[in-house]
Amino acid sequence: MAAISRIVLTRQQESNQAWIKRLEADGFRVLDLPLLYFEPVPAPDDFGIEKFDWIVFTSPQGVRSFAKSGLQPKSTRIATLGAGTRTVLAEFGWSDDLGADCLDGVELAGVFADQVKTPGQVLLPGPKFRMADPRESLEKSGFTVTELPLYETLPIAPSSLPVAIFSPDDVVFFCSPSTVRAFTAAWLERPLCVAIGETTAVAARKFGFRTVVAATPDLEAMVKAMVEAKSQVSIQAPSPDPLSEPEKPETES
């Protein structure tokens with residue numbers, strides 16, 4: 001297998017830390033290179049949690065932003081996308097009452113609808129801009145859903161990023177189209193990249209990256225895809241400029 005100089009992590013700094021520990025424990029060199037940051041969005045004054053039957057968190061950052069806003073679940077039941085979000089939930093002494101392990105918001109909405117009786121009031125804390133699901137699927141299943149924007153994801157300015165830091169064997173991990181766009185705004189280099197899913201891969205190919213895609217949206221699958229790609233003679237070539245696609249929700253790990 002060809003040498004791997006470093007794995008370059010591009011998620012927000014808060015999200016990278018757990019991955020750094022896991023990768024370094026497995027013997028990989030890691031470059032922590034956050035390309036995005038979270039900007040808080042204040043919660044409305046005297047926002048009432050009591051009227052909701054469930055709070056549905058789809059990412060670890062959703063939990064962190066909820067807590068930083070001074071909100072408390074109180075007696076309201078909680079559902080999360082999976083293990084990564086549950087881990088952060090436990091940091092605040094809260095527990096997951098659904099226990100689902102889902103790949104995305106669509107799957108979470110399906111599991112939720114199967115296990116929870118309607119009607120019900122569901123609070124969906126999270127980013128200012130998000131995809132339609134799980135809100136749309138939950139509403140189709142008969143739930144009343146209220147979205148609560150608590151943060152916005154923004155790119156770090158290219159002028160604030162380092163210059164000429166990449167080596168030929170670096171592999172960049174991209175977890176959203178936003179990280180791809182932030183990278184290309186700062187550097188001309190196009191190292192081999194691993195995309196966490198096809199939506200991110202579309203953006204990476206559009207900007208000329210040699211791209212491989214993880215089979216599932218988690219760190220282990222990204223590492224596996226990287227190792228397999230480095231062991232092959234040929235890497236997937238960039239495809240023609242495709243149509244843009246909406247971004248996927250944040251990942252679990």
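Please pick out the residue among Asp114, Asp53, Asp104, Asp96 that is of a type in the set (D, E, K, R), surrounded by 14 or more Cβ atoms within 10 Å (Cβ to Cβ), on the phi < 0 side of the Ramachandran plot and out of contact with any strand residue (DSSP E or B) (no Cβ under 7 Å at 6 or more places or on another chain).
Residue meeting the stated conditions: Asp104.
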Checked the range 114-131 for anything small (Gly, Ala, Ser) and farther than 17 Å from Tyr151 by Cα; matches are Gly120
Pick from Asp114, Asp104: which is acidic (Asp, Glu), in the same structural domain as Met131 (by TED's automatic domain parsing) and more than 20 Å from the chain's Cα centre (by Cα)?
Asp114
Among the residues of the range 117-132, which ones are at pLDDT 90 or above, under 15 Å from the mean Cα position of the chain (by Cα) and exposed (fewer than 15 other Cβ atoms within 10 Å of the Cβ)?
Lys128
Among the residues of the range 13-43, how many are touching a residue at least 12 places away in the same chain (Cβ under 8 Å), surrounded by fewer than 20 Cβ atoms within 10 Å (Cβ to Cβ) and assigned to a loop (DSSP other than H, G, I, E, B)?
7
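For Glu139, state whether it is crowded, with 17+ Cβ neighbours inside 10 Å, in a helix (DSSP H, G or I) and of a type in the set (Asp, Glu).
When the stated conditions are applied, Glu139 does not pass them.
The values are calculated or read from the model by the stated rules, or taken from the named source; none is laboratory data. Please read these numbers as outputs of a predicted model, since none were measured by experiment. Cβ sites come from the backbone with ideal geometry, for glycine too, and all protein chains shown count toward neighbours.
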